[in-house]
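To keep things clear, I will list the structure first and then write my remarks on it.
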């Protein structure tokens, strides 16, 4: 991953807020969003360095659709033990560059996508 970017959910305006990639943009982003993290307990989500089949950047917390044999809706999450992004609920299945993934939402704005019937 060459570009470091983050995002955080703004619970007041109910939308994601994205950082830029330069040090100045990152510093400004963290200053503007600190209250979301401390007061509202929202988590910063990191850019994976990958894009989906439509060119949309994939971030931690995104919900993707994977049409393969292990397919379905999956949550992109950071696995500290593996030091890698993984697709949950498939623990240990790390996310890799692929043109088959499609970002269809995220855990804050579309949690219903991960509900099992």
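Nothing in this text is a laboratory measurement; each read-out follows from the coordinates by a stated rule. Keep in mind the model is a prediction, meaning the values are calculated, not measured. Please note: Cβ atoms are built from the backbone with ideal geometry, for glycine as well, and neighbour counts cover all protein chains shown.
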(Q) Considering all alpha-carbon pairs of the chain, what whole percent are spaced by more than 16 angstrom? (A) 61 percent
Q.
How far apart, in nanometres, would the label points at residue 112 and residue 18 be if each is projected 7 angstrom from Cα along the Cα-to-Cβ direction?
A. 2.5 nm
